[in-house]
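Reading through the structure tokens given below for one structure.
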Amino acid sequence: MAQDLTIRLARSTDYDQILKLSEGIYDGHDYLPRRYHTWMAMENMHVMLAFSGDKLVSLAACSIIDEGKTFVTRAGRTLPNFRGQGNYKLLQRALFDFSRRRYPMIQRWRRLSSLTPEMFDNSYKNIDEQETLTCMVLSSNKRPQGFSLNVDSLEIQSCTKEYVCDAIFEKEVEKLFPSKVIQADRFPIEPFRSNIDYLMQENDSLYFAVEKCIDGCHPRSFSLGVRSHYVEFMNWCVTIYTDDPQLYQAHLFHQFKRSCEEIKSEFSFVCSHDQKFTRGGITLLKELLMLQSEEDIKLKKAFVYEQKLPQDL
């Protein structure tokens, strides 16, 4: 049963308590402490805290995206001794109610989870599913010198935000994004220009890539690389969209090379894609990193769930 809590919006001065709440989470790969001050300065981004007396016991964070129509759960933390008592659920509801009053156009509640559909609330619909491969890349002086891949005929090139918004999102959205959702570093967004602008506020760097096309032809592939800071490591998370296995491998290779060029320290490399490409992704990463075992590449699933909301709440 939820305890008596004091609930309020977070402040920049709460940072030291946020650090304690996140202590020891995700083995140095926690994103929250490094993003907290950025989130505090962003519009359409809200963090709410729950206190038991003077002690911070729970945190919930959300983004309002898709032109003000979607509430997205971004982060949740609860102290171990306060879990399983309904405290986080109470806090999350308070955050949603606050957001709904401020953004009356909200129509859906979206979240990303590793829980499979049968383990999830029936009020949520599973709208997207990807598999992710995660591996650690050593610092530049310990990496293999030079990479090669036998897909020379499939040239991948960087592209601008304007090209993505005009040529990819507008004309190819049905083909490349059948669920109409992009998982951008575990943040499920619809393919809108405003959402790309939102990502650019939040992250160190975005890197867009497509295959080189003849003039007048539409790309058959797209990848988005997001560089960000975690507690102890840099992180490069790439999401690849295509139906072609060779184009998938070409994008993975291209984004991996780009990440190694930009990040000289040890970092975490994460690739999200349709599950049919997982075996090929493992094989390529194992080759690029000269790994002896596939156990150094972690495989996880990421599900996106959506709950439609009545408009008279």
Kirkwood hydrodynamic radius over Cα pairs of the chain, then Stokes diffusion coefficient at 25 °C and 0.890 mPa s, in µm²/s: 119 µm²/s
12 Å beta-carbon shell around residue 121, net charge (K/R +1, D/E -1): +1
Spin-label pair residue 275/residue 123, simplified geometry with 7 Å Cα→Cβ offset, distance in nm: 2.7 nm
10 Å beta-carbon shell around residue 244, net charge (K/R +1, D/E -1): -1
Longest site-free stretch - the chain; sites: GluC sites (Glu not before Pro), DSSP loop, at most 14 other Cβ within 10 Å: 68-154
Inter-site label distance for residue 43 and residue 13 at 7 Å from Cα along Cβ, in nm: 2.7 nm
Estimated [θ] at 222 nm from DSSP helical runs (n ≥ 4, -39500 (n - 2.57)) normalised by residues in the chain, nearest 500: -7500 deg cm²/dmol
Pairwise centroid distance, computed over Cα atoms, of the stretch 4-30 with the stretch 236-295, Å: 32 Å
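Just flag the trypsin sites (Lys or Arg not before Pro) in the stretch 237-313 sitting in loop per DSSP whose Cβ has no more than 13 other Cβ atoms within 10 Å.
On the way: sites: 257, 258, 264, 276, 279, 286, 298, 300, 301, 308; in loops: 264.
Loop-located and lightly packed - 264.
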Acute angle (nearest 10 degrees) that the helix 245-262 long axis makes with the longest principal axis of the chain, alpha-carbon atoms: 70 degrees
Angle between the chain longest axis and helix 193-202 axis [Cα atoms, degrees, rounded to 10]: 80 degrees
Cα-centred dipole magnitude for the stretch 215-313, charges only on beta-carbon of K, R (+1) and D, E (-1), debye, nearest 20: 60 debye
Ascending count of other beta-carbon atoms within 10 Å, so fewest first, for 267, 177: 177, 267
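Per residue, how big is the convex hull of the stretch 41-133 when only Cα atoms are used? Give it in Å³.
149 Å³
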Virtual paramagnetic centre 7 Å along Cα→Cβ of residue 100, amide N under 14 Å, in the stretch 50-74: 70-72
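Give a quick list of trypsin sites (Lys or Arg not before Pro) in the stretch 19-78 that DSSP marks as loop, anything other than H, G, I, E or B, with at most 11 other Cβ atoms within 10 Å.
Numbers: sites: 20, 34, 35, 55, 69, 74, 77; in loops: 69.
Passing both the DSSP loop test and the Cβ count: no residue.
Quick note: the coordinates plus some simple rules give every number you see, no bench work behind them. Note that the structure is predicted; figures quoted are calculated from it, not measured. Methodologically, a virtual Cβ is constructed for each residue, glycine included, from the backbone with ideal geometry; neighbour enumeration extends over all protein chains shown.
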